[in-house]
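The values are calculated or read from the model by the stated rules, or taken from the named source; none is laboratory data. Note that the coordinates shown come from a computational prediction; the quantities given were computed from them, not determined experimentally. In this analysis, Cβ positions are derived from the backbone assuming ideal geometry, glycine residues included, and neighbour counts consider all displayed protein chains. Ligands, DNA and RNA are stripped out before the accessible areas are found, and what is left, the full protein with its side chains, is counted by its heavy atoms. Shrake-Rupley method; radii C 1.70, N 1.55, O 1.52, S 1.80 Å.
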Number of protein chains: 2
Amino acid sequence: MKVGFVGLGIMGRPMAKNLLKAGHNVTCYNRGSGPRDELAEAGAAIAQTPKEAAAGMEAVITIVTDSPDVEHVILGPDGVIEGAASGTVVIDMSTISPEVTRRVGAALAERGIQMLDAPVSGGDAGAIAGTLSIMVGGEAAALEKARPLFEAMGQRIVHCGPLGAGQTVKLCNQVAITGTLLGVCEALLFAAKAGVDPNRMLEAVSAGAAGSWQMSNLGPKMVQRDFAPGFKVGLMRKDLRLAIESAGHMQAALPGLALVAQLFAAVDAAGLGEEGTQALLKALEGLNGVAVGG
Amino acid sequence: MKVGFVGLGIMGRPMAKNLLKAGHNVTCYNRGSGPRDELAEAGAAIAQTPKEAAAGMEAVITIVTDSPDVEHVILGPDGVIEGAASGTVVIDMSTISPEVTRRVGAALAERGIQMLDAPVSGGDAGAIAGTLSIMVGGEAAALEKARPLFEAMGQRIVHCGPLGAGQTVKLCNQVAITGTLLGVCEALLFAAKAGVDPNRMLEAVSAGAAGSWQMSNLGPKMVQRDFAPGFKVGLMRKDLRLAIESAGHMQAALPGLALVAQLFAAVDAAGLGEEGTQALLKALEGLNGVAVGG
């Protein structure tokens, strides 16, 4: 397919390369020039604006940081909306607000341009391996058009519902992750306060009803005091802000989400925004004046 | 081995039967007579008091409900302490307070009787299948004496540390479970409020970083509104009380634990103490005036 690709960050670069490997005809746009050169070497054409990346394309993928960035590259000056034609499918793979997604989709629909929201999980490792989970919102017919692109980038492609439903499910994913992570952190704190070896605790409980991806993957890192990011605190804070804003729009009361967001705010305030989400442990260590493992 | 067995509840009955199957010589005591008859049929001898169940035994297992029950059957009138000899290993497999465990152990030690705490996870299904996880606290030498008994009842036997460490790790297990469960419940609520099919949400996120035993096993039950107990709300409330008491002794601040305990208090107050722990969802549904799935 002829596809425009806007946003060559840590996720976008390997995703665009996987589209090239699968034989798609990719035209990239990125604000900074370094990633553009990297993708040009990999065989992509380079556009000077999002508008140019969208002109004459069957589909345009955007993957940028936050809601205002999506509004800017799609609806702003020289944006995707100026280049895309009626029948083009615009696929936003950023994690942003479901409400902003629907607003952008409505503006595109006025020009006959279809939109899908398709945020991903699986991190940069999943982006490189082409094994992302892709949570898709929008019309089923548009998803079918885009499916060859999704299959080049991901493994698990779930149609979650109408436009915005992909973003909603991605936020559900983050809500579940942070609750689970808080449980793991508090279990480690409990063991540390009691003087029990946290590795023994993890060994004893990981395989049973307390087990989780968070415990198996981040628990040992916390005990080894490895806070290198898989997913950064700063980005998780952005996603939790989106979840809390969306909960506000829906009048949903989620006390666990609120608590975890406050603890992550403390981690960020301590200057740890660039560490991995397992640094949530440090907020609890600060409350308790103990350190786990090390 | 010659082993006394005190407490023939939903867990104790199948555990005692697995000891018999493995060829051990088992003498049972239980307050009520129904389970005694069941075990007598399975080949156990029956004692009239915990003291009698302990007399002449190499090991005595207790598995009763709460801390005062353990104190009563071990240290009370006609208790295990009156029948056990120096060299007997007393193995408490109940889930109780680590502090009470150490107090009971100290009283036994004065008579030369060794104690292990060895709470389990895996539920009645694990007790029947002989696949329990057993979290052991106490002297390594006592654990080695008891190992043939543990191997008849469980699959994963972890030495967690000195006396009380098994209970500590069991409480860590419950802390991790409830945090994870809260994350799953709030993710379901978020999807429901947004009008997204909760089954699609679970399908999209279960295999990734948000995945957990709680999500895979209890998530679908919640959506189907199946609140039959694997593990009852009332028993989880007991365990969370033990965790909060123990955290109090240790001066540990665990805000997630406190929040989940309050939500379970609301579930119990609504008369749902006999339902499974997945009924935590109902507290959040009450807060939000919506129901998930159904």
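What to note about this one:
- Label spacing, shortest first and in nm, from A:K21 to its equivalents in the remaining copies (7 angstrom along Cα→Cβ): 4.8
- 12 Å beta-carbon shell around B:L284, net charge (K/R +1, D/E -1): 0
- Sum of side-chain charges, B:A107 neighbourhood, beta-carbon under 12 Å (Lys, Arg +1; Asp, Glu -1): 0
- Entries in A:K17/A:K232; B:K145/B:K238; B:K221/B:K282 that, when Cα-Cα distance is taken, lie over 20 Å: A:K17/A:K232; B:K145/B:K238
- Amide H contacts of B:Y29 (H built 1.01 Å from N, under 5 Å, at least 5 apart or other chain): B:F5, B:V6, B:G7, B:A47
- Spatial offset of the range A:36-54 relative to the range B:1-51 amounts to 75 Å, using the alpha carbon center of each.
- Between A:A194, A:A118, A:A266, the Gaussian network model of chain A with springs among Cα atoms under 10 angstrom shows the greatest mean-square fluctuation at A:A194.
- Of all aspartates and glutamates in the structure, those lying under 14 Å Cα to Cα from B:K51, and not within fewer than 8 positions of it along the same chain, are B:E71, B:D78, B:E82.
- Using distinct alpha-carbon pairs, which all enter the 1/r mean, Kirkwood radius of the range A:168-288 in Å: 14.7
- Sorted from closest to farthest, the other copies place their A:A228 label points 4.8 nm away, with each point set 7 Å from Cα along Cα→Cβ.
- Convex hull volume of the Cα atoms of the protein assembly as shown, normalised per residue: 150 Å³.
- Percent carbon-and-sulfur accessible area, the range B:168-288, ignoring ligands, DNA and RNA, probe 1.4 Å: 51
- For the range B:66-82, 3J(HN,Hα) per residue [Karplus equation, 6.51 cos²θ - 1.76 cosθ + 1.60, θ = phi - 60°, Hz, x = Gly/Pro]: 9, 3, x, 5, 5, 4, 5, 6, 8, 9, x, x, 6, x, 3, 4, 7
- Excluding same-chain neighbours fewer than eight residues apart, the aspartates and glutamates reachable from B:K170 by a Cα-Cα span under 17 Å are A:E186, A:D197, A:E203, B:D66, B:D92, B:E99, B:D117, B:D124, B:D239, B:E245.
- For the range A:182-242, the equivalent ellipsoid derived from the alpha-carbon gyration tensor has semi-axes of 23, 13, 11 Å in decreasing order.
- Mean Cβ count within 10 Å, highest first, over the residues of peptides A:99-107, B:10-18, A:172-180: A:172-180, B:10-18, A:99-107
- The Cα trace of the range B:2-162 gives Rg and Dmax of 13.8, 37 Å, the first to one decimal, the second as a whole number.
- Across identical copies of the chain, A:R111 has label-point separations of 8.6 nm, listed in ascending order, with the point defined 7 angstrom from Cα along Cα→Cβ.
- Hits among lysines - C-alpha to C-alpha of A:K21 under 18 Å, sequence gap 8 or more where chains match: A:K2
- Applying 1/(1 + (r/R0)^6) with R0 = 41 Å to the Cβ-Cβ distance of A:D226 and B:I46 gives a FRET efficiency near 0.15.
- Structure-based [θ]222 nm, chain B - -39500 (n - 2.57) summed over DSSP H runs of at least 4, per residue, nearest 500: -16500 deg cm²/dmol
- Peptide B:277-284 is shielded by partner chain Cβ atoms: per residue, an average of 1 of them sit within 10 Å of its Cβ.
- Prolate/oblate/rounded call for chain B, Cα gyration tensor, a/c under 1.5 rounded: prolate
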